[in-house]
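Student: Okay, handing you the structure first.
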Amino acid sequence: MMSTTSASTANTAPLLSLKGVTSYYGRIQALHGIDLDVYAGQLVALVGANGAGKTTLLRAISGVQPHGGRVDFLQQDMGRFAPSARVRAGLSQVPEGRQVFAPMTVEDNLRLGGFTRDKEECAHSLAQMYQLFPILQDKRHLPAGTLSGGQQQMLAMARALMAKPKLLLLDEPSMGLAPLMVREIFQLIQQLRDQGMTILVVEQNARAALSIANWGYVMELGQLVMSGSGEQILNNDKIKKAYLGM
Ligand SMILES: Nc1ncnc2c1ncn2[C@@H]1O[C@H](COP(=O)(O)OP(=O)(O)OP(=O)(O)O)[C@@H](O)[C@H]1O
Ligand SMILES: [Mg+2]
C-alpha cells in the first residue's frame with residue numbers, strides 16, 4: 001500500500017521553526033516568546049526599530065546567545081547544539097558590523113569560514129566564492145581591513161557561505177554602505193535566493209528588504225507584532241508610519 005506520509009510532510013515543514021523563544025541579558029528580557037518560521041528557498045525579512053531584539057534573535061538561532069523555547073532546524077531541536085554544531089547542521093550567520101578579521105588576508109578569512117569542512121571541499125567552495133565575488137579574488141592576498149565597507153560585507157557573506165549553509169542569517173548587511181553598494185548587496189541577496197539559498201535577513205532598510213522578501217516579520221520590544229508577505233507589510237498603514245517614513 002502506498003504511504004502518504006514522510007515525503008509530503010517533510011516538504012511542507014519549515015526549514016527553521018521557532019516556538020516561544022526567549023532570551024535575557026541578566027534580568028532584562030530581550031525576547032518575549034518568539035514564534036517564527038522560515039521555509040526552504042525563501043527570503044525572509046525581519047524588520048523593527050533599534051533595540052527591538054533583532055540581533056538577539058539571530059544570535060539565539062545561531063546559538064551564540066543563550067535562549068529558552070525551541071529552535072528547530074531541519075526538524076531537529078537545536079537546544080543542545082553549540083554554535084559550531086549549528087554551523088555543521090547548516091546554519092551560518094553574517095554578524096552585525098561584518099566582523100572580518102582585519103589583519104588577516106581575504107583568503108584566510110574565507111578559509112576560516114570553511115572550518116567545518118575538509119581541504120578539498122574548502123578549495124572547491126573558495127573557487128565558487130571567487131566566481132560569485134570577483135573582487136575578493138582580486139584582493140585575496142590583501143589584509144581584509146584594507147577593503148571598503150561593501151567589500152567587507154561581501155567577504156563576510158562569502159565567509160559564511162564557505163560553510164555551505166542551508167540557511168544564511170544576515171544581520172544588517174546594508175548598514176553604513178553608500179547607496180550604490182546598498183543596491184549591489186540587495187541584488188546579491190536576491191541572486192543567492194534565486195540560486196536556492198534560504199535567507200533570513202535583518203534590515204534597517206525595511207522598505208528595500210521587504211520589497212525583495214517572500215515573507216516578512218515586524219519586531220517591537222522583543223515581540224513579533226506582524227507577519228505577512230513583503231507586500232502586505234509594506235502596504236500596512238501602521239507599519240508605513242512607524243518604519244517606512246511614509
Ligand atoms: N550585551 C547586552 N547586554 C545588555 N543588554 C543588551 C545587550 N545587547 C543587547 N541588549 C539589549 O537587548 C535589547 C535588544 O537588542 P538587540 O541588539 O537585539 O536589538 P536590535 O533590534 O538588533 O537593534 P539594532 O537595530 O540597534 O541593531 C535592547 O534593549 C538592548 O539594549
Ligand atoms: Mg541589531
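Student: Which log10 I(q)/I(0) values, to two decimals, does the chain give at q = 0.11, 0.12, 0.17 Å⁻¹ under the Debye formula with one point per Cα?
Tutor: Evaluating at q = 0.11, 0.12, 0.17 Å⁻¹ gives log10 I(q)/I(0) of -0.58, -0.69, -1.33.
Student: Principal axes first, then extents: for the Cα atoms of the range 134-213, list largest minus smallest coordinate on each axis, whole Å, largest first.
Tutor: 35, 28, 18
Student: Then there is this: Describe numerically, in nm with one decimal, the distance between label points set 7 Å from Cα along Cα→Cβ at Ser229 and at Thr12.
Tutor: 1.9 nm
Student: Considering only C-alpha atoms, what is the centroid distance from the range 181-246 to the range 74-151, in Å?
Tutor: 24 Å
Student: How do the peptides 197-203, 71-77 rank, highest first, by the average count of neighbouring beta carbon atoms within 10 Å per residue?
Tutor: With the highest mean Cβ count within 10 Å placed first, the list reads 197-203, 71-77.
Student: For the chain, modelled as a GNM with alpha-carbon contacts under 10 angstrom, which of Gln190, Gln232, Gln151 fluctuates the most?
Tutor: Gln232
Student: Also, I was wondering about something else. Give me the dipole magnitude in Debye, nearest 20, for the range 145-246 about the Cα centre, with unit charges on the beta carbon: positive for Lys and Arg, negative for Asp and Glu.
Tutor: Value, rounded to 20: 100 debye.
Student: Calculate the spin-label point distance for Ala102 paired with Lys241, positioning each point 7 Å from the Cα along the beta-carbon direction, and give it in nanometres.
Tutor: 4.3 nm
Student: Probe radius 1.4 Å, ligands and nucleic acids ignored: give me the carbon and sulfur share of the accessible area of the chain as a rounded percent.
Tutor: With neighbouring chains kept in place, the figure for the chain is 52 percent.
Student: Given springs between every Cα pair under 10 Å in a Gaussian network model of the chain, which of Leu16, Leu180, Leu57 has the largest fluctuation?
Tutor: Looking only at Leu16, Leu180, Leu57, the biggest GNM fluctuation is shown by Leu180.
Student: Let me ask something else about it. Quick check: net charge around Arg98, other residues with Cβ under 11 Å of its Cβ, Lys/Arg +1 and Asp/Glu -1?
Tutor: Once positives and negatives cancel, what remains is -2.
Student: Taking the Cα centre as origin and putting +1 on Lys and Arg beta-carbons and -1 on Asp and Glu beta-carbons, what dipole magnitude results for the chain, to the nearest 20 debye?
Tutor: So the dipole magnitude of the chain works out to roughly 300 debye.
Student: Might you report the magnitude of the Cβ-based charge dipole of the range 165-225 about its Cα centre, with Lys and Arg at +1 and Asp and Glu at -1, to the nearest 20 debye?
Tutor: That gives a dipole near 160 debye.
Student: How would you classify the range 68-208 from its alpha-carbon gyration tensor, with a ≥ b ≥ c the square roots of the eigenvalues: rounded for a/c under 1.5, else prolate if a/b is greater than b/c, otherwise oblate?
Tutor: In terms of gyration-tensor shape, oblate.
Student: Take every Cα pair under 8 Å in the chain that's 6+ residues apart, average their separations, divide by the length, and report that relative contact order as a whole percent.
Tutor: It rounds to 26 percent for the chain.
Student: Rounded to the nearest 500, what is the chain's calculated 222 nm mean residue ellipticity when only DSSP H runs of at least 4 contribute -39500 (n - 2.57) each, over all residues?
Tutor: Calculated from helices alone, the mean residue ellipticity at 222 nm is -11000 deg cm²/dmol.
Student: Still on this structure, I have one more. Mind telling me which of Gln152, Gln131, Gln93 comes out most flexible in a GNM of the chain, alpha-carbon contacts under 10 Å?
Tutor: Gln131
Student: Could you calculate the FRET efficiency of Arg207 with Tyr39 from 1/(1 + (r/R0)^6), where r is the beta carbon distance between them and R0 is 25 Å, rounded to 0.05?
Tutor: Calculated transfer efficiency: 0.65.
Student: Under the classification rounded if a/c is under 1.5, otherwise prolate if a/b is larger than b/c and oblate if not, where does the range 52-127 fall, given a ≥ b ≥ c as square roots of the Cα gyration tensor eigenvalues?
Tutor: Here the range 52-127 falls in the oblate category.
Student: List the longest stretch of the chain that has no exposed loop site; here a site is one of the trypsin sites (Lys or Arg not before Pro) assigned by DSSP to anything other than H, G, I, E or B, with at most 10 other Cβ within 10 Å.
Tutor: In the chain, the maximal stretch lacking such sites is 81-246.
Student: Oh, and also: Can you give me the distance in nm between label points at Asp138 and Gln191, each placed 7 Å from the Cα along the Cα-to-Cβ direction?
Tutor: Each label point lies 7 Å from its Cα, and together they span 1.4 nm.
The values are calculated or read from the model by the stated rules, or taken from the named source; none is laboratory data. Note that the structure is a prediction, hence the values are computed from the model and not measured. No Cβ is skipped: glycine too gets one built from the backbone with ideal geometry, and neighbour counts run over all protein chains shown. We work out accessible area using only protein heavy atoms, side chains counted, and drop any ligands, DNA or RNA first. Shrake-Rupley method; radii C 1.70, N 1.55, O 1.52, S 1.80 Å.
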